[in-house]
Structures are given as structure tokens and as C-alpha cells.
């Protein structure tokens, strides 16, 4: 697909377009988009089928493997896979113990789920950029008779802001829930309006209350936004670099060899990026929940 059949811009656009299902505003019918423009026209209510499929599929696979490791766990003769799973669990447990100072049995399982899930979604970025889209295109052509250029398949869910925002909003609701549960409605509102500026002057108090509410409100809303955009931005940039390097394969064998070398070097470096982004998302979630549990007086 990076060859003479399409231009470089069309190649990039194809790889960055999701497999989208939604309401076509021109025909008034629900269906799959056959172009990037049609996908964009479907608007907010459209569903990115590939993001849903890969993200849900990856966490289901993780659950199956972790369940298998738990069922076959043995203290006498642990297998290599059991040791690997225990290493991940111990790593997450240490992170929770180091950052979460309150008592909540939900936080550690949540942190483990987030770390494994985000890591697996990021890991899909190491699959060659043309492989799965090409397979999807062949299936679309030979099975459904669809032009391969109209078949879209993005396999890295964390390059879709809908996925990263959905996870961040889930964490945000937990922050609100535990903030109100631990501090009460009055305590939570008082935390938003009583800091950082404090005064006993009744004339100045309304002004400091409004200023505090604005500052703390922005700080609160910034948490899910920073969580989602940090993960999305880093993974989207990494995927874009892989796509740009892949364009070199259509420029002759010399550029192809050079591109292959760059691809390998970037893939090795990207292993650190995908792991670090999963760790950061997990750690910030733990820290934000710890702040929600902290009862400020």
C-alpha cells in the first residue's frame, strides 16, 4: 500500500483512519465508513470498531492468561510463566505501597489492570504497520468485495483519543466517588473552595472562595485530561514515526535497507516508551486516588 498505487499522504491517512461505524449524514443510513472523509462526517456518535475490538480483546486475553497462571500456581514447582506473572504483581504492589497511603483493597487490582491493559495496547505498536491493515484489506476484498483502500484497521487502541479519554474519565469518576465518600459532600466542596487562599475576613471570603473554586476546579479537571492526552500524544507520535519510516520501503532498496535499520532502532527504543507510558498512567492513577482519600483539615 506504500507503493505506486497510493500517494504518501493517502498512505498516511489510511493508516491513521479508524474502522468506523456510524450514521452517514448524506444517505441517512447506518454503516461502515468507506473513506476518511466519510468517517469524519459521522461525527461524535460514530463507533471506532477497531479500537473497541482490539482494546477489549487484549484485556480478555490478559485475563485468560492471568487466570491460567493463578489456577496452575504452585509453591513447590513454579513455572516460568508463574514467575513472570508474580514479578508483574510484585512490581505493581510495590508501586501501590509506595504511593498510596490509605487503605483500599480496590486500588492494587485496579493498578494492575491499568498497567497490563495500557502496556498491551501500547505493545501493538511494535507490530509492522502494514501487516494487519494488509490482512484486513485482503479479507475485505476477497470475502466482502470491498476495495482494500476502503478497509481501515488501526490496531493500537492507545493512539485513539476516544480510548485514552475513556480510561481517564473512568479514573476521574473514581476520584470523585472516593473524594465524596471519604470527605463527604461538604468536605469535598470545602476542599475545592477553601484552598489555597484562606481568610477569616468575611468581606474577602466570597472572593477567595470563587478564586479557590476556579483554581481547584481547573486542577481537578486537568487530571483526566493530562492522563489521556499524555498517553495518546506519545503513542500517536510513535505510530506516526513508524508509518513515516515505512514509506522508505517504496523508495528503492537502498532506502529500504536504511528504513529497516531505522525501524529496528526505533522499535527497540519504543519498547521503553510503551512500558514507561503504562507505568506513568498507573502511577498517576494511584497518586490521584491517594489524594482523593486524603482528608484535609
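Structure values in brief
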quantity: Selection count where residues are over 14 Å from residue 171 (Cβ atoms) and buried (at least 16 other Cβ atoms within 10 Å of the Cβ), scope the stretch 210-240; calculated: 8
quantity: Those helices (runs of 4 or more DSSP H) lying entirely in the stretch 40-152 with at least 2 residues surrounded by fewer than 19 Cβ atoms within 10 Å (Cβ to Cβ), under 20 Å from the mean Cα position of the chain (by Cα) and without any contact (Cβ under 8 Å) to a residue 60 or more places away in the chain; calculated: 49-71, 107-123
quantity: Some residue of the stretch 191-203 being farther than 18 Å from residue 277 by Cα, touching a helix residue (DSSP H, G or I) at 6+ places or on another chain (Cβ under 6 Å) and part of a helix (DSSP H, G or I); calculated: yes
quantity: Index of the failed condition, residue 172 passing every other in (1) surrounded by fewer than 14 Cβ atoms within 10 Å (Cβ to Cβ); (2) modelled with pLDDT of 90 or more; (3) part of a helix (DSSP H, G or I); calculated: (1)
quantity: Filtered residues of the stretch 245-254 (kept if in contact (Cβ under 8 Å) with a residue 24 or more places away in the chain and surrounded by fewer than 16 Cβ atoms within 10 Å (Cβ to Cβ)); calculated: 247
quantity: Contacts under 6 angstrom Cβ, first residue in the stretch 199-227 being over 30 Å from residue 163 (Cα atoms), partner exposed (fewer than 13 other Cβ atoms within 10 Å of the Cβ), 6 or more apart; calculated: 205/199; 208/199
quantity: One residue from 237, 292, 246 being touching a helix residue (DSSP H, G or I) at 6+ places or on another chain (Cβ under 8 Å), under 22 Å from residue 123 (Cα atoms) and in a helix (DSSP H, G or I); calculated: 246
quantity: Residue match in the stretch 181-190 (condition: in contact with a helix residue (DSSP H, G or I) (Cβ under 6 Å, 6 or more places away or on another chain) and part of a helix (DSSP H, G or I)); calculated: yes
quantity: Residues of the stretch 267-290 classified as farther than 18 Å from residue 158 by Cα and surrounded by fewer than 15 Cβ atoms within 10 Å (Cβ to Cβ), total; calculated: 2
quantity: Failed item, numbered, when residue 261 is tested on (1) touching a helix residue (DSSP H, G or I) at 6+ places or on another chain (Cβ under 9 Å); (2) in a helix (DSSP H, G or I); calculated: (1)
quantity: Residues located in the stretch 9-39, provided they are in a loop (DSSP other than H, G, I, E, B) and either modelled with pLDDT under 90 or touching a strand residue (DSSP E or B) at 6+ places or on another chain (Cβ under 8 Å) (or both); calculated: 18, 19, 24, 25, 26, 27, 28, 29, 33, 34, 35
quantity: The listed residue being under 23 Å from the mean Cα position of the chain (by Cα) and part of a helix (DSSP H, G or I), out of 206, 224; calculated: 224
quantity: Pair list, Cβ < 6 Å and 6+ apart or interchain, from the stretch 274-297 residues that are in contact (Cβ under 8 Å) with a residue 12 or more places away in the chain to residues that are exposed (fewer than 15 other Cβ atoms within 10 Å of the Cβ) and part of a loop (DSSP other than H, G, I, E, B); calculated: 290/101; 293/102
quantity: Residue list for the stretch 153-180, filter: without any contact (Cβ under 8 Å) to a residue 24 or more places away in the chain and touching a helix residue (DSSP H, G or I) at 6+ places or on another chain (Cβ under 7 Å); calculated: 180
quantity: Qualifying residue in the stretch 90-99 (condition: under 30 Å from residue 154 (Cα atoms) and touching a strand residue (DSSP E or B) at 6+ places or on another chain (Cβ under 7 Å)); calculated: no
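The values are calculated or read from the model by the stated rules, or taken from the named source; none is laboratory data. Quick caveat: nothing in here was measured; it's all calculated off a predicted structure. Cβ atoms come from the backbone with ideal geometry, glycine included; neighbour counts cover every protein chain shown.
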